[in-house]
Structure formats: structure tokens, C-alpha cells
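This report concerns only the one structure given below.
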Amino acid sequence: MFRHRTSRFRNRRLDLEPTKWQRLQQRSGLVLLLLSGLALTFALYKVPQYYYNELLLNGMSEFANTHLKECDAIERHWKSLPVLQFVRRGDEPEVVAFLRQQPLVVAMLDRFEGGGLWCREGDHLVPPKDPALEQLYLDWMSHAEEAQRFEWNPPRELDPDFGKIASLVLLSDRWLVLKRWRPGSPEVERELAASIPPGARIRMGIYRDSDEKRTDLAPQEWGADPHLQADPYSLLTISLRANWVDTAFGEGWSSGIVGIMADRKAHWKILRREYWMAYSMSMLVGITVGLGMWLRYRSRRRAMLDADRLASMTHSLKTPLAILKLRCDSLRLGHLDGEQADATLIRIGDEVDHLTLLIENSLRVVRGGAPSSPLGKADRSWFTEVVEDILPAFEQEGRELELDLASEVAKAPLPSLRAALLTLLENALGHGKGPVKLETWRNRKRICIQVSDEGEGVQPHQLKALGKPFQRLRESGKEGFLREGQGLGLSLLIQVAQQEGWGLSFASAPGQGFQALLEVPALLQPALAQRKQA
């Protein structure tokens, strides 16, 4: 005889422990949910930052375009020279005026009047006093003249102050002029005051390219308002800024501008407001998505639970209604004498009360009023009462129902167990032949309930198809107690067994009848229960 198991027995205490496949499904679902949650959280966290960076870049681009003319004016002043004719003593009015207009000029060489080098001292020119410095300046000017370029920056190997001071040699028809930009010096401040147009709301400065990777940069006093110079810290950290690589200051130097303090505060206020708006919208989206998923989960769980309860209630009414119809037919056809008719009417009234109570409890459960199936004790007398309800159907069909009930007690939801037992007996009556036998026995922690008949049996492939909705194996057109059904009885029984943790299996073979085995938890003996509690 072939056996097909549709549900495995689980102890009531272990109902919360899923199977290996369920654990795998749960873990896979949790992993996918975790990954999607992390992806959503990462996106919601990054979107405000991306939006903030876009605002910052757009603000910097707009700031640079707005003050492009001021930046050009500073660069032109750095690379330009007013006309200067002759230097005789170095303190001529023309020389003083020239030096005041060019605060960064440190040395000059007349290419035609003997090639003498003049060094700056205040607002006039004097012969060089430091031979080493004189030789350095002459070397630079010699290389600049050989290069035949209007502007020339000393390379790293020729500049002992490389990276500290930006140097520029300008070549004109008569003069070789050396300018030096020392960040933070008063000369740079005067240079900016002379080159920045009046009313401009910017501050300018230069910095080394290597400063972008430094972590020890700190604000400088000369880089704060009201100074016109901007220190490297401000040029690299302030939000309202514009930076660019500029070859006018030599190798490795970059220049930049920043807004004045009032404009920076206004710009920062706008950035902060926009960032928090984006962050709030991101949080709102995250909360909305999470709440929507939670509500969807709750609604789907509630809908599935209500559907299962309605289906279970509908099928639970099927057999009692059929029995009521049979007894009503017996009364209507006059098959019973007076005393039997009175007893049958009393039984009909009791069964109507039972059905009314069952319907009321089921509706209250569907509406969320109370739990549906409290645990009860199913002993030998309880099984006998259930059998008495369907016994008239067996008598009407001329079939025999044998009982072999053990003394052990089962502990299960009695309405669900009653519906399951009636479904098995009804299935044996409608699809089997010969006597039907109901047996119960104890096997460790479970009570085994077996319903068997001596019918023609089913094929192995048909045995595996049992329990599928709308799957019917009986011959069409067969008349008897039960008419042709929709194949929902065993399907609902399997669902109930899986939900309650009952074991359910079917065994059959052609010509060997059919057996249905239901395994439910057994009631612990008092001594064993006390030991477990201890």
C-alpha cells in the first residue's frame, strides 16, 4: 500500500519552530528585505547629500561667473607694467609713483643702460646689498631673457623659495621686472587694493596644489575680513568660493576667490535650509514607504486570515446541514414512529443550536472579536458523540461504521478536530465501499486517528493529487448520500492540519481500500506534566 504524507505532526509546544524549508524561506526573505531596506536607506541618505553637493557646485559656478571680471583684473595687474623710462638715483618721482602702483615689484634690470640691477627698498630703488640675492635675481632675469617670453616663472630647481613665494619675471622692451607674491604680506594686501575694482564683494588668494590634501590647514588672521587676502583654509573650505589652476603664478600654484562674510552667511543659510528640506523629504519618503509596507502586510494577513476562517466555517457547516436534511427527510417520509420522531426533533433542535453557536463564534472571530479554536479534550466519549452525528448517514447508505477507540485523551481545538473527523468519515462514506473503521491509539506524544474503508483504492499518482482544490476522483453520476462535490474538503483539511501542526497522511493501493491517518497532540499525564513544569 502506498502512503502519501501531506502534513507532518508537530508538537503543540513546537508550533513556533519552522521547518528547514520554512527557515530557508524566512532567511531568504529576511535577507532580501534587509538588502532592499539597506538600499533604500542608503539612497534616502545619499540623495540629500547629492542635492546639497549639486547646490554647492552650482553656487560656486554662479559665483565664479559673476566675479570673472574682478579675477581678470587682478591677473592683469599681476602680469602688467606701467611705462617707466629711466632710473638715475632710484628716488625720482616717476619711480616712486611706479612702485606705489606696483607693490609686488622687488627688482628691476635696465637692459640698455649698463645692465645695472635695482632692488626695491620701500618706495624707491637702490643697488642690491645682498650679493647672493643679487646673483639669484640676475640668474632668473638671464633665463627669462633667453626664453624670450613676456612672462617667465622660475622653475623648482632655480627657486630656493619654491612653494612659499610665487615669483614672476616680466620682459618689456627696456626693463626686466621681478615680482614676488608672498601670501599674507602687506605688499599683497596693497596689490589687491590696487587691482580689485571698488565695490567688489570678493577676497582673493593663492594656494599650493598640495594644500588640497592637507589636514592641518588652519585659518589665518590675514585671511579673514576685512583683509582682501584669502588664506588657503578659506579658499578650500568656504562654501561660497571659486578655485582654478592658474599658470600666472608658476608651477604648483592655484588661485581662488571667496565671498565676503555677509554674502557667505546668506549663502550658507540658503544651503542649510535646502539641505534640511531635502533631508526632511527623504525622511518623509522613508517613513511613508515603511508605513505603506507595514499596512500592506497587515491588510494581506488580515485578508488571508478572514478568507481561511470563512472557508473553514463554510465547510464545517456542510456535514451538519446534510445530516439535518437527512433527518428532516426521515420525518417527512414517515419512516419513524412517534417516539423516534420526537427524539429526532429534539436532536434537530440541538444541532440547530450547535450550528447557530458555531456561526456566531465564527463571525465574531472574522470580525476580530475572539479567538476561534480554544484547546479542548477529545476523549472516547467525545469521539462517540461526533460519530453519532454522522451515523444516520451510514445507516441510510446501509454502511457499517466500526469504532476502536483508545482511552487516551487528545488535546486540540475541538471545532477544528470535529470538522476534520467529519470530513474523513464523509470522504470514506462517499468514496469508499464496505465497512468504515475509526481507530484511535497513542504513539508517544500524539494521538493517531485513522479512518479506513475497503473501497477500490486509488493509484499512486492519484494519491499525490489528493488535497488539491477542485480535484475529484470519484466516478461522475454516482448517487448516494453525498452528491458530487468540488474537492474542497481534503484541501481545507490539509490547510487546517498544517496550521495546527497535525500530521496527516493518506495510504491506498488499487483494490486495497483507503486509509487516512490524522495525528494530533496527546494530553500529558498529570505526573509527566508536573515533571516538565519542575
Among all residue pairs at least 6 apart or on different chains, which show Cβ distances below 6 Å where the first residue, located in region 141-159, is buried (at least 18 other Cβ atoms within 10 Å of the Cβ) and the second is assigned to a helix (DSSP H, G or I)?
152/144; 154/140
Condition met for residue 276 (over 15 Å from residue 203 (Cβ atoms) and over 40 Å from the mean Cα position of the chain (by Cα)):
no
So the check is Cβ under 6 Å with 6+ separation or different chains; which pairs have a first residue in region 207-225 that's within 19 Å of residue 165 (Cβ to Cβ) and a second one that's assigned to a loop (DSSP other than H, G, I, E, B)?
208/163; 208/252; 209/252; 220/231; 222/184; 223/230; 223/231
Answer yes if at least one residue in region 386-404 is within 30 Å of residue 304 (Cβ to Cβ) and part of a loop (DSSP other than H, G, I, E, B), and no otherwise.
no
Those residues of region 218-270 which are within 40 Å of the chain's Cα centre (by Cα), part of a helix (DSSP H, G or I) and of a type in the set (D, E, K, R), in sequence order:
263, 264, 265, 269
Is it the case that residue 408 is surrounded by fewer than 20 Cβ atoms within 10 Å (Cβ to Cβ), outside any helix (DSSP H, G or I) and without any contact (Cβ under 8 Å) to a residue 40 or more places away in the chain?
no
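Values in this text are rule-based calculations from the coordinates and carry no lab data. If you're wondering where the values come from, they're calculated on a predicted model, not measured in any experiment. Note that we place each Cβ from the backbone using ideal geometry, even for glycine, and neighbour counts take in every protein chain shown.
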